[in-house]
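Have a look at the structure below, then the notes.
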Amino acid sequence: MCSPATSLRWTSFPTACELEEGALPSCLDGAYIRNGPNPQFTPRGPHHLFDGDGMLHAIKISNGKAIFCSRFVKTYKYTVEREIGFPVVINYFSAFTSLPATMARYTAAIGRVFFGEYDVRRGTGNANTSVSHFGGKLFAHSESDLPYTIKLGSDGDIITLRRHEEYGEPLEQMTAHPKVDRETGEAFAYRHNIQRPYLTYFRINSDGIKQPEVKIFSKKQASLVHDFAITKNYAIFPDSQIVIKPLEIIKGNQPALVDPKKVPKLGIIPRYAEDEKEEMWWVEVPGYNCMHTVNAWEEDGGDTIVMVATNLLSVEHFMDHQELVHSSMERLEINVKAKTVARKPISTRCLDFGVINPAYVGKKTRGKKIGCPQSGGNEIRTNSTSNKPFNYLDYIYMYAAILTDEPKFSGVVKLDLSLPTAESGDCTVASRFYGPGCYGGEPCFVPREPDNPTAEEDDGYIVNYVFNENTQESKFIVMDAKSPTLEIVAIVKLPQRVPYGFHGMFVRECDLQKL
């Protein structure tokens, strides 16, 4: 929660930054942009972190020099409330405190719509969750609305262009986690709803044009579907115990709640399905409540789908006491023929916001030949079932934030996802903690040679914003992704605090110029 004074202090014009340590790698030619929630006005009642207005924090880098800028996403909600001078849209996560208070808020909101102060057809979302780039456009997302197109000016300023209404009808929304296949240029997305169909899947071609929707009527109940995964041939959707029951509002309760009797499921549909009938199937996965996926791919000639994603343990505390929830990172293997799922934790730590080299979305790493210089020439792994050496060393890397207290992350780890297939235990291969009182957010991987198809999967850098609560300073840090300690190679001192946020990405300068 924050006041308008602090929110406004966190907005800034493009400002040159001081390089405090090291040198910025030449591949960081572009901008790192992260999204997050910051309320425009002082909350006058209950406030939840997720309800804040979207704010983008961008550091634009060129020739080893950096410019920093923070701006609110100028959504329709933000603009109307700015003109009126106070909030008018009901906050989804904090409005439902009691029946009298809920009814009062709804009455006021309906009155504003009736008298023309607010047009709900133009959107009610806050675009506060993530950033994506596909179809030649850059988007700011929240799953409560359609995305907003944005761009960066040549001076590094962040500009909101418009609500991108081509991806849905006026009252519809879209996921904040679209998946982009770098090889085909396609994006895959969905929306979930409080009425049937509770899930709708669609594809966006490489030109940014939305393709026909696939309505998923086999999903039997409204539930929170925050993320999903794709492979070469499939899309995988989690159906968790976090259900949505709008009628709970008239009781003064939250419409989103945990149903302990529900058995979670995974839904699998062909990636290019035109209809769910006879193409989509669901498999029960008891005890599995997914919030964020990291990646998925196929093995065994397509007979096995491997997915890496989080599992919320003690999910019953998700809405009210998130500090009691443990986010376990797990590897799931889905047997396509038998329609069964095997699961295994891949770390003992509380991890979230897992990311990969974006070139590998929906794919498994190519692997490295035994005896190559990168492996030292002597390392041989064996297949745990046959004890015969692999022909390739299948390193499969991901990076995740170490969750301390939502949304604070005390460090970052590097995991080799191939390790659980050959040996037991935690598959962490590198880690870095930010230090006492220092917290970051979601890590972001930037390849050193993005145009080199033979580059190793982990040949690049991890970037992040880190805030020091002791000195009240924010810094942009760059870590060597190949280093066993994720060695810091550059630190940029930022001109202001960057508040804790959610998801971001790095956009190359050549792509920024095309926006």
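Some notes on this structure:
- Pairs are defined by a Cβ separation below 6 Å, a sequence spacing of at least 6 or placement on different chains, a first member in the stretch 305-333 that is surrounded by 17 or more Cβ atoms within 10 Å (Cβ to Cβ), and a second member that is basic (Lys, Arg); the pairs so defined are Val308/Arg331; Glu330/Arg343; Arg331/Lys344; Leu332/Arg343.
- Restricting attention to the stretch 307-327, the residues that are part of a loop (DSSP other than H, G, I, E, B) and farther than 21 Å from Asp51 by Cα add up to 1.
- Residues of the stretch 457-488 classified as open to solvent by less than 40 Å² (accessible area, probe 1.4 Å) and either over 24 Å from the mean Cα position of the chain (by Cα) or among the aliphatic types (A, V, I, L, M) (or both), total: 9
- The listed residue being modelled with pLDDT under 95, more than 26 Å from Gln254 (Cβ to Cβ) and out of contact with any Leu (no Cβ under 9 Å at 6 or more places or on another chain), out of Ile90, Ile84: Ile84
- Failed item, numbered, when Ser223 is tested on (1) of a type in the set (Ser, Thr, Tyr); (2) open to solvent by 10 Å² or more (accessible area, probe 1.4 Å); (3) over 29 Å from Arg182 (Cα atoms): (2)
- Near pairs, Cβ below 6 angstrom, 6+ apart or cross-chain, from the stretch 477-489 (assigned to a loop (DSSP other than H, G, I, E, B)) to any residue that is open to solvent by 40 Å² or more (accessible area, probe 1.4 Å) and of a type in the set (Asp, Glu): Glu487/Asp480
Residue-by-condition table, conditions (1) acidic (Asp, Glu); (2) under 19 Å from His133 (Cβ atoms):
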position	(1), (2)
Asp480	yes, no
Ser483	no, no
Glu487	yes, no
Arg497	no, no
Tyr500	no, no
Gln513	no, yes
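- Where a residue in the stretch 241-265 is part of a helix (DSSP H, G or I) and its partner, wherever it lies, is modelled with pLDDT under 95 and surrounded by fewer than 13 Cβ atoms within 10 Å (Cβ to Cβ), with Cβ under 9 Å and at least six apart: Pro246/Ile194; Pro246/Gln195
- Qualifying residue in the stretch 41-58 (condition: over 22 Å from the mean Cα position of the chain (by Cα), buried (at least 19 other Cβ atoms within 10 Å of the Cβ) and among the hydroxyl-bearing types (Ser, Thr, Tyr)): no
- Cross-chain or 6+ apart pairs with Cβ under 8 Å, the stretch 14-29 first and over 18 Å from Cys69 (Cα atoms), then basic (Lys, Arg) and outside any strand (DSSP E or B): Pro25/Arg448; Cys27/Arg448
- Ile236 being hydrophobic (A, V, I, L, M, F, W, C), in contact (Cβ under 8 Å) with a residue 60 or more places away in the chain and touching a helix residue (DSSP H, G or I) at 6+ places or on another chain (Cβ under 9 Å): no
- For the stretch 414-462, the candidate set comprises residues that are of a type in the set (S, T, N, Q) and farther than 21 Å from Val492 by Cα; within that set, the residue that is modelled with the lowest pLDDT is Ser424.
- Subset of the stretch 149-162 [of a type outside the set (S, T, N, Q), open to solvent by 10 Å² or more (accessible area, probe 1.4 Å) and in contact with a Lys or Arg (Cβ under 7 Å, 6 or more places away or on another chain)]: Leu152, Ile158, Ile159, Leu161
- For the stretch 337-348, filtering for residues that are crowded, with 18+ Cβ neighbours inside 10 Å and in a loop (DSSP other than H, G, I, E, B) leaves 2.
- Note on the stretch 4-42: among residues that are among the aromatic types (Phe, Trp, Tyr) and at pLDDT 90 or above, the one that is nearest to Glu487 (Cα to Cα) is Tyr32.
- Residues that are modelled with pLDDT under 95 and charged (D, E, K, R) were ranked within the stretch 260-276; the one that is least open to solvent (accessible area, probe 1.4 Å) is Glu276.
- Considering residues of the stretch 173-182 that are in contact (Cβ under 8 Å) with a residue 40 or more places away in the chain and not in a strand (DSSP E or B) only, the residue most open to solvent (accessible area, probe 1.4 Å): Arg182
The values are calculated or read from the model by the stated rules, or taken from the named source; none is laboratory data. As the structure is a computational prediction, the values presented were derived from the model and not from experiment. Neighbour counts run over all protein chains shown; Cβ positions are idealised from the backbone, glycine included. For the accessible areas, the whole protein counts, side chains as well, though only heavy atoms, and no ligand, DNA or RNA atoms are used. Shrake-Rupley method; radii C 1.70, N 1.55, O 1.52, S 1.80 Å.
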